[in-house]
1. Under the Karplus relation 6.51 cos²θ - 1.76 cosθ + 1.60, θ = phi - 60°, what is the ordered set of whole-Hz ³J(HN,Hα) values for segment 55-65, x standing for Gly and Pro?
2. Neighbour counts of other C-beta atoms within 10 Å: give me SER50, SER133, SER101, SER31 arranged from fewest to most.
3. Which one, GLY64, ASN104, SER133, projects farthest toward the positive side of the charge dipole computed for the chain from Cβ point charges (K/R +1, D/E -1)?
4. Report the Cys residues of the chain lacking a disulfide-compatible partner, meaning no second Cys Cβ under 4.7 Å from their Cβ.
5. Tabulate in residue order the Karplus-calculated ³J(HN,Hα) for segment 134-145, using 6.51 cos²θ - 1.76 cosθ + 1.60 with θ = phi - 60°, rounded to whole Hz; enter x for Gly and Pro.
6. How would you rank ASP134, ASP108, ASP9, going from fewest to most other Cβ atoms within 10 Å of each one's own Cβ?
7. Looking at the square roots a ≥ b ≥ c of the eigenvalues of the Cα gyration tensor of segment 114-160, which shape do they give, rounded for a/c under 1.5, prolate if a/b is larger than b/c, or oblate?
8. What nm value, rounded to one decimal, do you get for the distance between ASN137 and ASN104 when each label is placed 7 Å out toward the C-beta?
Amino acid sequence: MPSEKDNDDVVRVDFAFRRELAEKVEGNLASFCYQCGACVGDCPATTYSSEFNPREIMLKVLYGLGDELIGGDSILWQCVNCYNCHERCPQEVKPVEVIISLKNMMADRGIYPPAVKKIIHTFETTGRTVPLSDAINRKREKLGLPPLEPVPMDEIEKLFEPLEEEGEE
Ligand code: SF4
Ligand code: SF4
């Protein structure tokens, strides 16, 4: 009889993946998930996608199944960062912040969809995620709002400078 060790179907926790994620999410929040599913009920991404389920994402995080979460066709980009799951979770797991950290891990590896690449380029060149246009300012004028001014790019460029080591002279 094959031992459990020899069985390829056994799910093995990828601790390296969990450690990498834990460094990004303050407090290693995913560890407190007890799979109640409360985060699913008010999730708009779940409403519109049969594939997306924050409870299942947290389960994969608990198992350390990084390969199923991080990849070119990752479902994580379907999350719209609405924070409904955060408000519903009785364990204060903050699934949305776990998902954002997973997206950051993908970005660190240069894996993101073309639409996100376009937003990054717009931010790097204009300091905004949506480019400023006359149409936007006309709408603002109708609403009695002041026009938006261009973003000072020297301040944005500072964001891309490597952070100095903490405590470095
Ligand atoms: S933040 Fe993402 S996972 Fe959470 S409820 Fe909204 S869409 Fe769903
Ligand atoms: S609501 Fe919180 S504890 Fe419940 S499944 Fe979702 S993340 Fe886990």
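Throughout, read-outs are computed from the coordinates displayed, never taken from laboratory work. Treat the numbers as computed from the prediction; the structure is a model and nothing was measured. Here the Cβ positions follow ideal geometry from the backbone for every residue, glycine too, while neighbour counts run over all protein chains shown.
1. Here the 3J(HN,Hα) series is 5, 5, 5, 5, 5, 5, 5, 4, 7, x, 7 Hz.
2. SER50, SER133, SER31, SER101
3. Looking along the dipole axis, the top candidate is SER133.
4. By the Cβ distance rule, which asks for a partner under 4.7 Å, the isolated cysteines are CYS33, CYS36, CYS43, CYS79, CYS82, CYS89.
5. 4, 4, 5, 5, 5, 4, 4, 4, 4, 8, x, 9
6. In order of increasing Cβ crowding within 10 Å: ASP9, ASP134, ASP108.
7. Judged from the Cα gyration tensor, segment 114-160 comes out oblate (a/c at least 1.5, b/c at or above a/b).
8. Reported label-point gap for ASN137 and ASN104 is 3.5 nm.
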